[in-house]
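One structure is given here, and the rest of the page talks about it.
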Protein chains: 2
Amino acid sequence: MAFSEFRPLDEQSLIEYIKATPVLSAKIGKNYDDLKIKEVGDGNLNFVYIVVGSAGSFVMKQALPYVRSIGESWPMTKERSYFEALALKEHGQLCPEHVPEVYHFDRTMSLIGMRYLEPPHIILRKGLVAGIEYPYLAEHMSDYMSRTLFYTSLLYRTTTQHKHDVAEFCGNVGLCRLTEQVIFSDPYKVSQYNHWTSPYLDDDAEAVREDNILKLEIAELKSKFCERAQALIHGDLHTSSVMVTPYSTQVIDPEFAFYGPMGFDLGAFIGNLILAYFAQDGHADPANDRKSYKEWILRTIEDSWNLFNKKFTALWNEHKDGPGEAYLPAIYNNPELQQLVQQKFMKDLFHDTLGFGAAKIIRRIFGVAHVEDFESIKEASKRAECERQALKFAKLLLKERRGFQSINDVVSAIRA
Amino acid sequence: MAFSEFRPLDEQSLIEYIKATPVLSAKIGKNYDDLKIKEVGDGNLNFVYIVVGSAGSFVMKQALPYVRSIGESWPMTKERSYFEALALKEHGQLCPEHVPEVYHFDRTMSLIGMRYLEPPHIILRKGLVAGIEYPYLAEHMSDYMSRTLFYTSLLYRTTTQHKHDVAEFCGNVGLCRLTEQVIFSDPYKVSQYNHWTSPYLDDDAEAVREDNILKLEIAELKSKFCERAQALIHGDLHTSSVMVTPYSTQVIDPEFAFYGPMGFDLGAFIGNLILAYFAQDGHADPANDRKSYKEWILRTIEDSWNLFNKKFTALWNEHKDGPGEAYLPAIYNNPELQQLVQQKFMKDLFHDTLGFGAAKIIRRIFGVAHVEDFESIKEASKRAECERQALKFAKLLLKERRGFQSINDVVSAIRA
């Protein structure tokens, strides 16, 4: 440990810290002369330093005891860093191709040293705003989601392992509470943090706050989020938690990780793709009407679910005689029954996914944290129109999700 | 602490222990001359000593590191005693009228000193076998279940409290695994511990092991049991975990307690009443055809659910502006919506209750631990007939539970 108690780093103390930490100083060949350090934390919560030397590079991510985008008035435990490091390591073991390697973790300093995702890696959301196609995105994200969710669930884990890990991640309650507030509560009530494209969406905001059926559905999803320890989920898997090049897909920032419902991760990713779709009309210009890009997004939505479904089921089949205690081989011992339980499981997960996905869209329109997909549409009336389309679809999805039989149905409904 | 390390007590060492433990010796006025000690543990797991002196009395319950009814070949953590004491204290605070007071707990010795439930208290199951009516049973049990389940759920608790307590009770994994095995697994596969009224029910046992739809349903309930931390449940609330007189109802033995689905407790109680109903024909004799007693059981089943429903909803209404984070008052702020969410919650809980209740019946017919309701029917063919009736109903309940609208429907189906 380089420092004996917590202190927020700056560029100067960061160098001191690196010098005192062998695994980090070795990464840059102990050469400090040409070291370049840049603070780039543009997320809502943390400080992120890129450290690049002639011999190597890494990223240092420090959690401060408040929400960065709001300030010290919104305290937030810096222990989140511990759970982020834990999740990065756990998910990294399960899916090393799509999770950056952790080099160093310092609990006292709430500091993670990890792989620097060098250019041309960019935040996926920025790519979606720019209209860039990622041909491997669905393939890679379905790899990541199927492996992390399957292997941390009772389909693969024993009850003993499961309860042990559930208990550990109960400690990440501060971040769970933040999610509860900003996703499941604030958009459905008057809150000082809420904002939206006013005055255009004033009536829509009020309609959400007065929609009994929507509130009934959001309560069911919130209960699942709070009570159902189904797998170690990322907990914040939107399109700014993914860094991409055309050939690489890396999932970052799992500080919200805990044992929750699988559909929350799937819904975050697919919901943010749907949201990106509805934002495209706002990005269209004479040079690019975005029509073919919208088709690519829809294909990616379809492929993400369908590939996930296929890979998750394949893992289940592969490990049906494995350590998982949910479906014991001595009971679920015939192919017809195996298919029955899988179909039921995947159908329920699909509907969870649609519900959580819808909740994720709604909160980005009325809640505290908006997204570049919409915010980059400068003309307010045009932005409001895109948001209204997304909202209309999200409300349909949240209320009628159990009627959708396949992701194909969902894509058809998006087009309609 | 009287002893510095764990040792199984006998009557001699028990007296030593009491002498060294002020709170216990005070209970009996430090008078050891006329002390009567009797080992009465007739459950499946533990050793229980009744200690009665001229000045007072108590019970000492010690957990040994194996399952008593099976022997040392089935190891079982004695730490269960810690969780039992914790649950007795927690539930006792919430419902002191129906939970015996804990005087002393010694974690090293896995030893609980608690109120002796003096005669005429008997185990409810024995009363049901004897055909005794308990006019306050439904009233008291609905008190106990509504208070313990409501106050330990997110309807009353904050997320922070909830996650803290969930984590703590994750430690009771040994007992959760035992439940998983004996209720959700063994009856549906070939197991060395299974037994049934053979040869009469041989075909029925095989039919259960080959019933795909039954296995599909039991998987859903098992998932809920393993994953859904809805409230601090008793975890083993059958009719031998309740001691009664006509005027008193006391819930004992919560060593299986953990944060699980509420319906598991409700189902255990109601399922065991249904089972008691179907056993009555085996207890009928020329002096008592048990017909009016069967009607009393059916009324008690109806009353137990209906009173629970009423009291639980009343607690919810009373505390709707309280600390619970599931349904924030700023969102669920109109009477119509409040009614909608309550109806949905209670409907889902009702169906969980029926499912878990059915599972509890099935396991008592084919699993490791049978019950006096059936075992006391000496004539095997008659016993098998009663068990077959109960089984038939339990299978219907497990498969068709979502079709039942009210407990009235259930009672009508029992009669049919």
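The values are calculated or read from the model by the stated rules, or taken from the named source; none is laboratory data. Because the structure is predicted, anything quoted here is derived from the model rather than measured. Ideal geometry is used to build each Cβ from the backbone, glycine not excepted, and the neighbour counts take in all protein chains shown. Ligands, DNA and RNA are excluded from the accessible area calculation, which covers all protein heavy atoms including side chains. Shrake-Rupley method; radii C 1.70, N 1.55, O 1.52, S 1.80 Å.
Does B:Ser54 qualify as being touching an Asp or Glu at 6+ places or on another chain (Cβ under 6 Å) and small (Gly, Ala, Ser)? When the stated conditions are applied, B:Ser54 passes them. Away from chain A (no Cβ under 14 Å), in contact with a Ser or Thr (Cβ under 9 Å, 6 or more places away or on another chain) and surrounded by fewer than 20 Cβ atoms within 10 Å (Cβ to Cβ): is that true of B:Arg177 in this structure? Taking the combined requirement at face value, the residue does not satisfy it. Could you please find all residues in the stretch B:108-134 being within 30 Å of B:His283 (Cβ to Cβ) and not in a loop (DSSP other than H, G, I, E, B)? Correct list: B:Ile122, B:Ile123, B:Leu124, B:Arg125, B:Lys126, B:Gly127, B:Leu128, B:Val129, B:Ala130. Contact map, the stretch B:335-347: residues that are under 12 Å from B:Asn317 (Cβ atoms) paired with residues that are modelled with pLDDT of 95 or more and crowded, with 17+ Cβ neighbours inside 10 Å, Cβ distance under 7 Å, separation 6+ or inter-chain. Pairs shown: B:Gln338/B:Tyr332; B:Val341/A:Leu216; B:Val341/A:Ala219; B:Val341/B:Tyr327; B:Val341/B:Tyr332; B:Gln342/B:Thr313; B:Gln342/B:Trp316.
Within the bounds of the stretch A:362-380, is there any residue that is hydrophobic (A, V, I, L, M, F, W, C), more than 13 Å from every other protein chain (Cβ to nearest Cβ), more than 22 Å from A:Ile213 (Cα to Cα) and over 22 Å from the mean Cα position of the chain (by Cα)? Yes, there is a match, as at least one residue in the stretch A:362-380 is hydrophobic (A, V, I, L, M, F, W, C), more than 13 Å from every other protein chain (Cβ to nearest Cβ), more than 22 Å from A:Ile213 (Cα to Cα) and over 22 Å from the mean Cα position of the chain (by Cα). Evaluating B:Lys392 against the criteria (1) within 13 Å of chain A (Cβ to nearest Cβ); (2) surrounded by fewer than 16 Cβ atoms within 10 Å (Cβ to Cβ); (3) not small (Gly, Ala, Ser) leaves one unmet condition, (1).
Out of all the residues in the stretch B:260-279, is one or more open to solvent by 10 Å² or more (accessible area, probe 1.4 Å), outside any helix (DSSP H, G or I) and either in contact with a Phe, Trp or Tyr (Cβ under 6 Å, 6 or more places away or on another chain) or modelled with pLDDT of 95 or more (or both)? No - not one qualifying residue is present in the stretch B:260-279. Residues in the stretch A:295-309: is at least one touching a helix residue (DSSP H, G or I) at 6+ places or on another chain (Cβ under 8 Å), crowded, with 24+ Cβ neighbours inside 10 Å and among the small types (Gly, Ala, Ser)? Taking every residue of the stretch A:295-309 in turn, none turns out to be touching a helix residue (DSSP H, G or I) at 6+ places or on another chain (Cβ under 8 Å), crowded, with 24+ Cβ neighbours inside 10 Å and among the small types (Gly, Ala, Ser). In the condition set (1) of a type in the set (A, V, I, L, M); (2) without any contact (Cβ under 8 Å) to a residue 60 or more places away in the chain; (3) assigned to a helix (DSSP H, G or I), B:Leu391 is compliant with all but (2). As for the stretch B:38-56, it holds no residue that is open to solvent by 60 Å² or more (accessible area, probe 1.4 Å), in a strand (DSSP E or B) and of a type in the set (Ser, Thr, Tyr). Scanning the stretch B:334-358 for residues being more than 8 Å from chain A (Cβ to nearest Cβ), among the polar types (S, T, N, Q) and surrounded by fewer than 17 Cβ atoms within 10 Å (Cβ to Cβ) gives a total of 2. Looking only at residues in the stretch A:153-174 that are open to solvent by 20 Å² or more (accessible area, probe 1.4 Å) and in contact with a Phe, Trp or Tyr (Cβ under 9 Å, 6 or more places away or on another chain), the one that is farthest from the other protein chains (Cβ to nearest Cβ) is A:Tyr156. Only one of the numbered conditions (1) more than 10 Å from chain A (Cβ to nearest Cβ); (2) over 18 Å from the mean Cα position of the chain (by Cα); (3) open to solvent by 30 Å² or more (accessible area, probe 1.4 Å); (4) aliphatic (A, V, I, L, M) is not met by B:Val190, and that is (1). If you go through the stretch B:365-380 and keep only what is in contact with a helix residue (DSSP H, G or I) (Cβ under 7 Å, 6 or more places away or on another chain) and open to solvent by 10 Å² or more (accessible area, probe 1.4 Å), you end up with B:Val368, B:Ala369, B:His370, B:Glu372, B:Ser376.
Looking across the stretch B:193-219, the residues that are more than 11 Å from chain A (Cβ to nearest Cβ) and among the acidic types (Asp, Glu) come down to B:Asp202, B:Asp203, B:Asp204, B:Glu206. Candidates are the residues of the stretch A:243-259 that are open to solvent by less than 10 Å² (accessible area, probe 1.4 Å) and within 9 Å of the chain's Cα centre (by Cα); the one that is farthest from A:Glu97 (Cα to Cα) is A:Pro254. Please verify whether the stretch A:228-236 includes one or more residues that are of a type in the set (A, V, I, L, M) and within 12 Å of chain B (Cβ to nearest Cβ). Yes: the stretch A:228-236 contains one or more residues that are of a type in the set (A, V, I, L, M) and within 12 Å of chain B (Cβ to nearest Cβ). Does the stretch A:312-319 contain any residue that is open to solvent by 10 Å² or more (accessible area, probe 1.4 Å), assigned by the TED database to the domain that holds A:Phe184 and not in a helix (DSSP H, G or I)? Yes, the conditions are met somewhere in the stretch A:312-319. Residues in the stretch A:57-107 that are part of a loop (DSSP other than H, G, I, E, B) and at pLDDT 95 or above were compared, and the one that is surrounded by the most Cβ atoms within 10 Å (Cβ to Cβ) is A:Val99.
Close contacts from the stretch B:242-268, counting a first residue that is farther than 20 Å from B:Leu221 by Cβ and a second that is aromatic (Phe, Trp, Tyr), with Cβ to Cβ under 7 Å and a gap of 6+ residues or different chains, come to B:Val244/B:Tyr134; B:Pro246/B:Tyr134; B:Tyr247/B:Tyr136; B:Thr249/B:Tyr136; B:Val251/B:Tyr144; B:Glu255/B:Phe83.
Examine the stretch B:357-379 for a residue that is modelled with pLDDT of 95 or more, of a type in the set (S, T, N, Q) and assigned to a helix (DSSP H, G or I), and state whether such a residue exists. No: zero hits. Within the option set A:Lys310, A:Lys320, being within 14 Å of chain B (Cβ to nearest Cβ) and either of a type in the set (D, E, K, R) or under 29 Å from A:Glu400 (Cβ atoms) (or both) holds for one residue only, A:Lys320.
Yes/no per residue for (1) within 22 Å of the chain's Cα centre (by Cα); (2) under 30 Å from A:Gln343 (Cβ atoms):
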| position | (1), (2) |
| --- | --- |
| B:Thr158 | no, no |
| B:Lys163 | no, no |
| B:Glu180 | yes, yes |
| B:Ser185 | yes, yes |
| B:Leu214 | no, yes |
